[in-house]
Structures are given as structure tokens and as C-alpha cells.
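Take a look at the structure set out below.
Readers should treat all values here as calculations from the given coordinates under stated rules, not as data from a laboratory. Everything quoted here is computed from the prediction, not taken from an experiment. Using ideal geometry, Cβ is built from the backbone for each residue, glycine included, and neighbour counts are taken over all protein chains shown.
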Amino acid sequence: MRRRELARRGNADDGRTTIKRSDGIRPADLDDNELRKELQSLYRTREDTFLNGTDQALEEHTRRMFQLEEEYLRRFPREAEPAAQRTRLGARSHHAPPGTKKQPQRSTTNPRR
């Protein structure tokens, strides 16, 4: 992921220093490989940002993730479709014929079930 560029500049009105944040490269301007890499990087850092980041960091992370996901869905709509087995209709169409019902998995924590 390309690093955010931060520029410090003085505010002539009150003399305080403010930080200007760059929003990074627009998702539409990334090529397909860069878009995938950006998403992978965000997914890899999500838990750390959620658990250890500031509210602002989490908001920025979420905002960028949504932007990139929206662009990914725009470019690759078929890749983002759910697998047939993960939908209600798909799961029902792959059921076992009558009389061949599978046994439910036994609990690993309570052997009597």
C-alpha cells in the first residue's frame, strides 16, 4: 500500500500547525494488480487498526476499504458473486437424496451429544 503523504503547514490565521492528509490514489486510477494489493494490505491490517488504532485511524481505514471494495465490485462483478453453496437456494439444490441424510457432527466439547 502506498503511504499516505502528510504535509505540515502553518496556518497564517492563528499560527497553529495543521496536518493536511492526502487521500491517496483514487481507486479508479489504480491498475488491477495495485487494486488487489491495496485491498490485501487493508485486510491484513484491519484487526490491528480495529484493536489498537484511534477512532480516526479506524474511520480512515474503513473509508478507504469501502472505496477500494466498491471499485473492485465495479471492475469484477462476477468474482464478487457468492458461491452457489453459500446461498439458501444453492444449498438446498445440493441436498442428499431421501434416506441418505448425513449424521450431524458430534460436539467435540461434549462427547455425549
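Which order do the peptides 50-62, 79-91 come out in when sorted by mean C-beta neighbours inside 10 angstrom, highest first? Kindly include the intermediate steps, with their values, before the conclusion.
On the way: 50-62: 12.2, 79-91: 9.5.
The peptides rank, most packed first, as 50-62, 79-91.
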What does a probe at Arg36 reach in region 53-95, counting residues whose amide N is under 20 Å from the point 7 Å along Cα→Cβ?
65-83
How long, wide and thick is region 25-78, going by the Cα atoms along their three principal axes, in whole angstroms, largest first?
33, 19, 16
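Would you order Tyr72, Tyr43 from fewest to most other beta-carbon atoms within 10 Å of each residue's own beta-carbon? The partial results should precede the final answer.
On the way: Tyr72 19, Tyr43 12.
Ranked by crowding around the Cβ, least crowded first: Tyr43, Tyr72.
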